[in-house]
1. Distance between the C-alpha centers of segment 486-504 and segment 287-331? Whole Å please.
2. Near residue 425, within a Cβ-to-Cβ distance under 11 Å, what is the net charge of the other residues, with Lys and Arg +1 and Asp and Glu -1?
3. In what sequence, largest accessible area first, do 412, 213 appear using a 1.4 Å probe?
4. Can you tell me the equivalent ellipsoid semi-axes for segment 263-507? Use √(5λ) from the Cα gyration tensor, largest first, whole Å.
5. Please compute the volume of the convex hull spanned by the alpha-carbon atoms of segment 156-247 and report it per residue in Å³.
6. Probe radius 1.4 Å, ligands and nucleic acids left out: which of 390, 487 has the largest accessible area, and how do the rest follow?
7. Quick one: accessible surface of residue 442, probe radius 1.4 Å, all protein chains present, in square angstrom to the nearest 10.
8. Note down the net charge around residue 402, summing +1 for each Lys or Arg and -1 for each Asp or Glu among other residues with Cβ under 14 Å from its Cβ.
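The values are calculated or read from the model by the stated rules, or taken from the named source; none is laboratory data. Here the structure is a predicted model, which is why all the values come from computation and not from measurement. Using ideal geometry, Cβ is built from the backbone for each residue, glycine included, and neighbour counts are taken over all protein chains shown. Accessible surface areas use protein heavy atoms only, side chains included; no ligands, DNA or RNA. Shrake-Rupley method; radii C 1.70, N 1.55, O 1.52, S 1.80 Å.
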Amino acid sequence: MSGREKAVWTECDKTNFIKYTMKILLLVYLCVYVAWAQDLEFDNEEDDDLATPDSNGTAVDARGHRPLQRGRETFAGNRYAPPPVSGGSRYRGRPTPAPVGGRQIQEKVEQPEAGGCTHASEEMGVLCPTGCDLKTTLLKQERNVKRSINELKPQVNDLSRSSNTVFNYVNGISNSLRERQRVSNDNSRVVSQYTDRVEEQHAYIKEIVDTVFPSNIRVLQGVLDKIKLKIQKLEKAIQAQRDECKTPCKTKCPIPVVSGKECEDIFRRGGVDSQMYMIQPDAFYPPYKVFCDQASQNGGWLLIQNRLDGSVDFGRRWDEYRRGFGNIAFDSGKGHCATPGEYWLGNDRISQLTKMGPTEVLIEMEDWTGAKVHAQYNQFTVQSETSNYVLAVGGYSGNAGNCFLEGSLELFGENRTMTIHNGMMFSTYDRDNDNWTPGNPTKQCSKEDGGGWWYNRCHSANPNGRYYIGGAYTRQMAKHGTDDGVVWMNWKGSWYSLKAISMKIRPYFASR
């Protein structure tokens, strides 16, 4: 409320208050006047009763009650008193006794009335008024009082209406003030909350600007410096490659003239030396390089996997296992590549070769003492990528142990079943297809056992595992505490990593 509105309200309030006070005074005067008119004829008698002189002329205390001692006594009110006995008397009036002789009898003297409230004789004192006189007096007073009351009624009604108006106005002002006070309190509370939030945000922003930003800037500056160093190294490497490419490249491994669909076809066409050849199983696809073993078991073997020195990392992704990786062969100083390197031919190529017809596989192994064993399966097929390269083998022979079909002979029952590889899909660390909770990234055989393979839950053979020099290794040496070496459990157990292992395929013929 503005100052001007407050001043106007105060002036109206003063005017209404004066009117209200005058009407109250008139009402009080009316009540006093009525009381005085009713008690007019009895004031003298009541005053006489309160102080009546005794025979000695002294005043007598006419009070009959006992004042209560405040805080100690209480007044219980008057007790019930039965009404007095009424009805006719059992006796008649006593006869007048005869006068005693010698005593004079005083004659009764009648005193005339002088009219009004006094006797003619002063000795009789005051004569009390009769009932008729009282009624006449009261009727006269009643007419005067009624006239005064009728005159005051309109004023009283006006006073009542004005009082109601003032009350309603004051009540409305009070409600308005309370509502304004509530709104003001709510606004104050909201302002306080937003002030606290602003202060918190200001403190947070100040902390970020003062501490976090400088720290992040320092970190980013360090990262930028490292990137600059890497760029410089890359520039040096590019320059070195450019310098090397200035001179024309020379072929270290000349490709033999003879070629065919696979190594058996090359052997039959006269390629009887074990070395790198070009093959083209399908005329619709380009040829590619492979290493053909033309000496073992009458030759014709196509090398699809080879481990011999740990020079190639076999912990690869799905796409790399699909395409193939590694080194096919090296020049051993004879003018042609007669020494195979470490490589994986590629799942797409292996699947294509094994699906061309019946195929057998030869797995040759060597430990660190030079001892050699082999496992041979006259049935070997790898399905296409749509089935995740499912493995199917059969017809075991050899002296290394039948891991693919029987699992690990060190285990029994269900545990051995978990190590059988036949019928399994191919798995890599980024494509989990094993039987150990598929889809759970914390339970992947390929991630724990170091390579891509046809894992079950998990293996009895792990030709693509991690390469450990010396053979024996321990849980502490393993990355995840598992038997992740180049393992063939049915020959050397879980904790012996082989020196060399290779897988070779060729078409199967019953006449062999």
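1. 17 Å
2. -2
3. Order by accessible area, largest first: 412, 213.
4. 28, 20, 17
5. Hull volume over Cα atoms, normalised by residue count, gives 92 Å³.
6. The residues order as 390, 487, largest area first.
7. 100 Å²
8. The answer is -1.
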